[in-house]
Each structure stands twice: as C-alpha cells, then as structure tokens.
Amino acid sequence: MPTISVDRDLLFKSLGRSYSQDDFEELCFQYGIELDDVVEDPEKGVTYKIEIGANRYDLLCLEGLSQALNVFLGNSKMPRYQLVSPREPGQYKLIVKPDTKQVRPYVVGAVLRNMKFTQTIYDSFIELQDKLHQNVARKRTLVAIGTHDLDTITGPFIYDARKPTDISFVPLNQAQVFRADKLLDHYSQDSHLREYVPIIKDKPVYPVITDQKGVVLSLPPIINGNHSKITLETRNVFIECTATDRFKAQLVLDTLVCMFSRYCEQPYTVEPVEVEYPSGEKIVYPKLQYRDQEASVSYCNALVGINESQQNISKMLSKMSLEVKSASDNKIVVEVPPTRYDVLHECDIAEDLAVAYGFDKLAEDMKLPPTNTIAGEFELNYLSDKLRHHLTHLCYTEAATFSLCSKMDMGDRIQVNLSNEPWVKIGNPKTVDCEAVRISLLPGLLKTTAANKHVPLPIRFFEVADVALRDVNADLTRGTGARNERHLCAINYNVRPNMEVIQGLLDHIMKGLKVPFAEDNGEKGYYLVGKDHPSYMPGFCGQVILNGVEVGRLGVIHPTVILNFSLNNPAGALELNLQKILSLLELH
C-alpha cells in the first residue's frame, strides 16, 4: 500500500478547518484510508504519513486527497475536467518514429496552460510523478513521465529511438554534455536513478524525445534534459509519457493533469496533444473521459449487507465523487470521472457505497448464521502450506506472481501452442498483461528470475498457487465453465542447469509425502518417464508418474525459452499438480 506524506497545516487549510489527531484518524477511517505516522520537525512542522489504497491513484498527492475529502465531507462538489482548444494546434503534436517499437512503442502528451507554481505546488507536482512511477508505472518499466517548460522548446515534437552513440545532451541538473551510453554508465552509480538504468541499457536503440530544433527533451525512462526543466517561473507545462502499455500511459497522464489543472489560469482545463504513429493513426490525449457504469441496487445492497433505496444510494455515492446520472427500477447509472480509474465493475460501486455508508455501522446489521458448524482446514491448503515450509527449508525462496498474464508469456515465450490448451481468455482486457488466466506457474517464475538477475547465483524460486483451466463440466451450478487447479512449481537458475538438484527436490517432496520410489513401473509409488515438451530441452525432460498417473513434469528449460525471458544462464524446473497428487494419495 503506498504511503504519501502531506503537510498537516496545508491539508487542514484545504479542508477548511483544523482537526485533532484523533478526529483526523477517525476521518481517515471513515474514508477507508489510514493515518500511518505523524512526523514532527522543528523546521518543516508536522507531516502526516497517510496510507492509501493501491488502486486509488487520485489520492497520491495533497491535491487529490484534499479534493476527495472535501467532496466526502460535503464541502465542495467534484470539479468538471475538460479539454480546450490548443492555442497552436500544429505545434502540439508528437510524431512517433518506427524504431520506437524496439523499446517503448507508445507515447501520450498534454499541455497545462498558465500554471502558477509555488515551492509547495512544485514539490507536490514532482512527488506525484514519483508515486505514479513507483506504483502504476512499476518503477518506470511500464510508463515514464517527462515534464517540460513549453516556452523553452518548439513543437511539433519527435519521439524516436536511436543508437546510444547518436544521442548527446545535457541531462537535468548537469552542466556538461553526455553521450547516452556514457550517461547510463554515469547513472549506474547514482542512488536514485541506477535502478532504472537496466530498463534500456542493453537495448540496441534508446528512446529519445526532441523538439523541432533537435533539442533533447528527455531520454526516457532515465532522465529529462536540462534545457526544458521546470522551475518556479514556468507557466506553460508540456507533459509527455512514454510507455510499453498504452492504457497505463493514458491513466498516468489523466491522473497527473486532473490533479494539477486546478492551478491553471482557467482551472480544470487541459490542452490536448495529438500523437501521430508511423501507421498514420492519430490519437488525441489526454482522454479525460467520463464514462457510465451500470450497477444493480439489489446487488450493491446484498454485497454491502444493507437495504437502502436508490435515493439514499445516490446521495452516498456522491460523497465518493460518483454521481448517479439516472435510475430506473433496480438499476442506477453512475458517471465515473477520469480520476477514478479504479472503478471497473459494479462491485467497485458497491465498495464505495460501503465506505460512504460507514464501515463502523455495518457491524450493527450483522447477524450470526442460522447453523452451527465446526471449522476445519481444507486438506489442499494444508498440503500447500506444508510444502511451502518444506521448500523454504531446502533454501528455495517463495514467489507470488499474478494469476493473470499475457498470451505471449503463456504461449509463444514458453513455446506452447495455446490452440491445444484449455486456457481461459479474459474479455475486454485493459492491458496486455491481463489477457488470460495462467495455465502454468512456470512463466511467472521465469519473469521473477529475470527481475532478480542481479542476485548472486544460484537463484532458486518456488510458488504454490492456482492455475485455471477451461472445463465445460466444471462448476455447473454457476456455469463458469472453468476450474482451478493447485500447482507447485520450482526453478533452479545457475551457471549449469543442475538437473540433479531439481530431481533431488522431487525426491524430497515425495519423501515428505511418504510416497516411495517405484523401482518397477507396476508398483505403487512415483517414477519418471522421459517425454519431450516444447518448453524443455529435447532429451532432458520427463513426466512425473504417481501410481500410474502423470502428476507433473521436470526438465532443463529450452534455451529459446531462456532467451525469450531475457535470461542468460540455464535453468531446471519442476511443476507438479498438487490437486491430482492429493486425490491419488487419498485413494490409496
């Protein structure tokens, strides 16, 4: 959960009154956030550290937090954000060159006109960018923000990707010209920027944004140019966000301009920028889209555990910056502002309803269930926890990867033909990373290994988690057509594949389960059968057989798969179906 630091006095001034610490903690509780810490400094005064929900990007700065709390308290209404015609349409354009596909293919932009910066506003402006970089932008791997003094540069702007030796400029707060490759070597020792250097360091080309005169604005995702840096004297701000994910770039840009357009001469207005791609596609940003989300009154009441009318629900949702546009029968239509990218489904509407109703009031309506039951641990979870402890004692580190993944990770990158697999597709995914539900834990562990290449070898990860498989016979009562399956996956990444280490891990697991090794294939127990799989090297892959039934696979990962995940050492892997193992052990 991200934590933001805000000046107490500035926050209270924006809320129109002062609070005691207990009263402010109660206000935070009512809104579903938490006062995490209070820091007192003789020079800076009192600073509140407030913990925010990870999906509430609009609360990551003083401006967004104070606005949301003011609406919640009834002090003000939600402002209306709008795009206005650009003063110089021909100049407000980002022209994307074809080579950017090799590194960061997307870019978005916007202009904030006639802003009035103070030191406090400037600090908040920079801090929000940093919070977005760390949170939704995943440490700049998905999105990198660049902000520039528009009066120092000339559009239209060029977004290109060039060889490092062809890029030279004066970086932010530096006095000398650096060539791009030398600059990355320089920042490899910088405590703040060194973690971003590996994002592009090994790429054949580096992304770069220049103006019409060739002045370098930024080298994303590392640093901006010094020529166009923002100062307290800046009045017109040009914002660009380069990205590997177009939707996340749109989200970051909308959030940033919504929070700080209040300081424009014409508050809550933004001038758009046109992005022109090599294909001829032209897209205008920012979107600032107000969209409708339909919700069922009975669904929201049931989910929260209350029984409120449409009118009362509408009033409560307005406190959460969600205005009900229309209501008919059992349905309400909520207008979602561009600051609320966290609202994706009617269950999110119900969540905001619960906050507005009051979590402390919900307990009054709770009733004990009509039946008495004796709780017991689910056997599959018991087995999973025991194996987690077992693997940690064998010096494996547990990973927790996302259940949703891209089709590329689940298919082409591990050389699996998805047309032959019962995979579950996500309808209308918001990002490429959420196209499907994983059918194997291996891609997630390979990505985790790639993100930890700086760790001394050997790297040994494991995960015990569910995968999802399409099954028309599964869960017929709810008609999902899919089922979960509990898997265990482990990987050993080293200078050699060390197949004996992975096979030894299998032996340890089976010994812990008191399953004997079957010397004869007809005996009860487990044994290995050589069988190739496209994710593994031919001749170095085998099936794990338990009581005559295949329950897993182990082997040396195919070199092509290793390269597809940007790894440079061999690895061995084991993946077991714990659900199938448990059922076989219960039967025998």
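For the reader, a short list of remarks on this structure follows.
- In nm, spacing of pseudo-spin labels at residue 373 and residue 397 (7 Å Cα→C-beta vector): 3.8
- Per residue value of the accessible surface for the chain (all protein chains in place, 1.4 Å probe), Å²: 48
- Carbon plus sulfur fraction of accessible area for the chain, probe 1.4 Å, in percent: 49
- Full extension of the chain segment joining residue 201 with residue 415 gains 74.4 nm, where the gain is 0.36 nm per residue of separation less the Cα-Cα distance.
- Sequentially through the stretch 152-158, phi angles give Karplus couplings (6.51, -1.76, 1.60; θ = phi - 60°) of 9, 10, 10, x, x, 9, 10 Hz, Gly and Pro residues having no value and appearing as x.
- Exceeding the 30 Å Cα-Cα cut-off - candidates 77/425; 386/430; 453/580; 131/447; 116/213; 49/407: 77/425; 386/430; 453/580; 49/407
- Sequence-distant contacts, meaning Cα pairs under 8 Å at least 6 residues apart, place the relative contact order of the chain at 11 percent.
- Highest average packing first - 206-212, 308-314, Cβ atoms within 10 Å: 206-212, 308-314
- Taking 17 Å as the straight-line reach from the Cα of residue 287, the aspartates and glutamates in range (excluding those fewer than 8 positions away in the same chain) are 58, 240, 245, 254, 271, 274, 276, 335, 342.
- Rel. contact order, % - alpha carbon contacts under 8 angstrom, at least six apart, the stretch 1-138: 24
- Note that the stretch 295-311 has calculated 3J(HN,Hα) couplings of 9, 8, 4, 5, 5, 4, 4, 5, 5, 7, x, 10, 9, 10, 7, 4, 4 Hz, one per residue in order, obtained from phi through the Karplus relation 6.51 cos²θ - 1.76 cosθ + 1.60 (θ = phi - 60°); glycine and proline are x.
- Here the Karplus curve 6.51 cos²θ - 1.76 cosθ + 1.60, taken at θ = phi - 60°, turns the phi angles of the stretch 183-192 into couplings of 5, 5, 5, 5, 7, 5, 9, 7, 5, 8 Hz, with x standing for Gly and Pro.
- Think of the chain as a dipole: +1 on every Lys or Arg Cβ, -1 on every Asp or Glu Cβ, centred on the Cα centre; then among 45, 376, 572, 572 lies furthest on the positive end.
- Amide H contacts under 5 Å for residue 217, placed H, 5+ residues apart: 209, 210, 211
- Distance between the 7 Å Cα→Cβ label points at residue 566 and residue 382: 4.4 nm.
- Over all Cα atoms in the stretch 249-401, the spread is summed up by Rg and Dmax: 23.1, 66 Å.
- Centre-to-centre, using Cα atoms only, the stretch 158-223 and the stretch 252-275 are separated by 27 Å.
- Oblate is the label for the chain, because the ratio a/c of its alpha-carbon gyration tensor axes (a ≥ b ≥ c) is 1.5 or higher and a/b is not greater than b/c.
The values are calculated or read from the model by the stated rules, or taken from the named source; none is laboratory data. In this text, all values refer to a predicted model and were calculated from it rather than measured experimentally. Please note: Cβ atoms are built from the backbone with ideal geometry, for glycine as well, and neighbour counts cover all protein chains shown. SASA here: full protein model, heavy atoms, side chains in, ligands and nucleic acids out. Shrake-Rupley method; radii C 1.70, N 1.55, O 1.52, S 1.80 Å.
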